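One structure is given below, encoded as structure tokens.
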Amino acid sequence: MRAVDIIQKKRDNEKLSDKEIEFLLNGYLAGDIPDYQMSAFLMAVYFNDMSQEELLKFTMLMRDSGDVIKFDEINRFLVDKHSTGGVGDKVTVVLSPILSALGMGNVKLSGKGLGHTGGTIDKFESIKGFRFSTTKDELVKIANKTGVGLMGYSDKIVPLDKKLYSLRDVTATVPSIPLIASSIMSKKLAIHSDVIILDVKVGDGAFMKNLELAEKLSERMIEIGKGADRKVRVVLSNMDEPLGHAVGNANEIIEAIEFLKGNYADDLKEVVYTIASLALKEKGEVKELEEAKEKIDKVINDGSALKILSEFIEESGGNKELVNNYDLLPKAKSVMEIFSEKEGYIKKIKTEEIGKAAMIIGAGRAKKEDEIDHAVGINIFKKVGEKIAKNEKIAEIYYNNGENVEESKNMILEAFVLTEEKVEKQKAVLKII
Ligand code: URA
């Protein structure tokens, strides 16, 4: 078998056999097939797609390129909630303790932020002393105590995705539905869970810019799940404005804690409640999603979800008192208030722009190697549909280094798109599949 013949077949839109896909991926992982041939193959997939059989084989080989972890030692219904990446997306921080308080476990691999999107690892690492589990044993120990088990990606899990993603990044082949679907699902299949709930973000601040593309991606991931005998549910959620109010790291932890004290932004509540309701339904505790609301309200109102978050923080090396004392989180030296230069209804908040405005003051990474400043970030006070007056405060920037703060301010002002006509508030959950 030769790589060039496999590339030619994909180029000519012919179906590949299992053996051919195996030859290509295993050869690439072993270093026998060079980057230039794999690049050509990825570009052929970008244009010609993969059949569902090809995609399943491709994904399974990616999964099996590293360790596959089972959690027989954890005696809970395990949920793996995964977001495709957004701005202000602190759902995991809020949802994990809620699922645990509801008797389930949220056990998953978490990622770091890149570009305009944030990552759960960075948000938790705002907490002094906090360490993510790096081994299965560590994760099981913490998950058995708290119901929450989060582990950072390591070279041992789906190493092929790491290699392929780096190549896609520099060959303009990231935005390909089969390649995104296999990349995400290979990592989900490498970790055992009873249900995988994918939060597929849709809109300006997301990979999938419109609902149609997001639905296509979701269907392909559900199909991969079926082929691998795993249950997958999808929530399509809006990324045409940041989720909640905080965009950054330490400030997102504060917003997450406030949520668990009953102080929440409506859009964040809609996403968190929908995912928690789906989890309860998949577990068999409720028949209809609406029946779950009361149960979720209860674990927030009685403080049990907040208590679990503080225990999780303590078990992970942080100071659990911080849920009642935000001075224990890093604090930026300066604040810049931003006032609207116009009046009108907010029609849209260009979310990618807000993510980039946070990134350039140090809250995110332009390149994988960049260091994050956990203290800095942006808080948005106004959401789509609200009316704002000229000179009304719309946001605040928390910063340490003044270098890019003027540019960040201009990006935020530019991101708020106003209109004279009344605008409907946006729905946070667009569809459940
Ligand atoms: N997230 C992933 O893990 N992989 C992709 O290709 C895109 C988003």
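The values are calculated or read from the model by the stated rules, or taken from the named source; none is laboratory data. Because the structure is predicted, anything quoted here is derived from the model rather than measured. All Cβ positions, even for glycine, are placed from backbone atoms using ideal geometry, and neighbour counts span all protein chains on display. These accessible areas exclude ligands, DNA and RNA; they are computed on the full protein's heavy atoms, side chains included. Shrake-Rupley method; radii C 1.70, N 1.55, O 1.52, S 1.80 Å.
When the chain is treated as a GNM with alpha-carbon contacts under 10 Å, the residue of ARG220, ARG131, ARG11 showing the greatest mean-square fluctuation is ARG11. All C-alpha pair distances within segment 1-88, sorted into 5 Å bins from zero, spread as 3, 12, 19, 20, 14, 10, 10, 7, 4, 1 percent across the bins.
With an 8 Å Cα cut-off and a minimum separation of 6 or more residues, compute the relative contact order for segment 77-324 in percent.
Relative CO of segment 77-324 lands at 28 percent.
Cross-link check: pairs LYS112/LYS226; LYS19/LYS188; LYS269/LYS425 evaluated at a Cα-Cα cut-off of 18 Å; pairs beyond the cut-off: LYS112/LYS226; LYS19/LYS188. Across all Cα pairs in segment 331-419, the calculated P(r) in 10 Å bins from zero up to the longest distance comes to 18, 50, 26, 6, 0 percent per bin. Residues in segment 331-419 average 49 Å² of solvent-accessible surface per residue, probe 1.4 Å, ligands and nucleic acids excluded.
Any idea what diffusion coefficient segment 326-366 gets from Stokes-Einstein, in µm²/s, Kirkwood Rh on alpha carbon pairs, 20 °C, 1.002 mPa s?
164 µm²/s
Note on segment 200-281: with neighbouring protein chains present and a 1.4 Å probe, carbon and sulfur make up 48 percent of its accessible heavy-atom surface. When segment 232-290 is described by a simple charge dipole with +1 on each Lys and Arg Cβ and -1 on each Asp and Glu Cβ, the residue from MET239, ILE253, ALA276 located farthest towards its positive end is ALA276. Given +1 at the Cβ of Lys and Arg, -1 at the Cβ of Asp and Glu and no other charges, the dipole of the chain around its Cα centre is 440 debye to the nearest 20. An ellipsoid equivalent to the chain, defined through the eigenvalues of its Cα gyration tensor, has semi-axes of 35, 26, 21 Å when rounded to whole angstrom and sorted largest first. With contacts taken as Cα pairs under 8 Å and at least 6 residues apart, the chain reaches a relative contact order of 19 percent.
For segment 263-386, the Cα gyration tensor yields ellipsoid semi-axes of 31, 24, 15 Å (square root of five times each eigenvalue, largest first, whole Å).
Counting only protein heavy atoms and using a 1.4 Å probe, what share of the accessible area of segment 25-123 belongs to carbon plus sulfur, as a whole percent?
Carbon and sulfur: 48 percent of the exposed surface of segment 25-123.
Calculated translational diffusion coefficient of segment 3-48 (37 °C, 0.692 mPa s; Stokes-Einstein with Kirkwood radius over alpha-carbon pairs) equals 316 µm²/s. With the convex hull of the Cα atoms taken as the outline of segment 128-223, the averaged projected area works out to 8.1 nm².
Within the accessible area of segment 335-395, the carbon and sulfur atoms contribute 46%, probe 1.4 Å, all protein chains present. Computed with a 1.4 Å probe over protein heavy atoms only, the accessible surface of segment 185-319 comes to 35 Å² per residue. The slack between ASP302 and LYS367, meaning 0.36 nm per residue of separation minus the straight C-alpha distance, is 19.2 nm. Normalised per residue, the accessible area of segment 39-161 is 34 Å², obtained with a 1.4 Å probe and no contribution from ligands, DNA or RNA.
Calculate the all-directions average of the projected area of segment 77-324's alpha-carbon convex hull, and give it in nm².
Details: hull surface 49.1 nm².
Mean shadow area of the hull around the Cα atoms is 12.3 nm².
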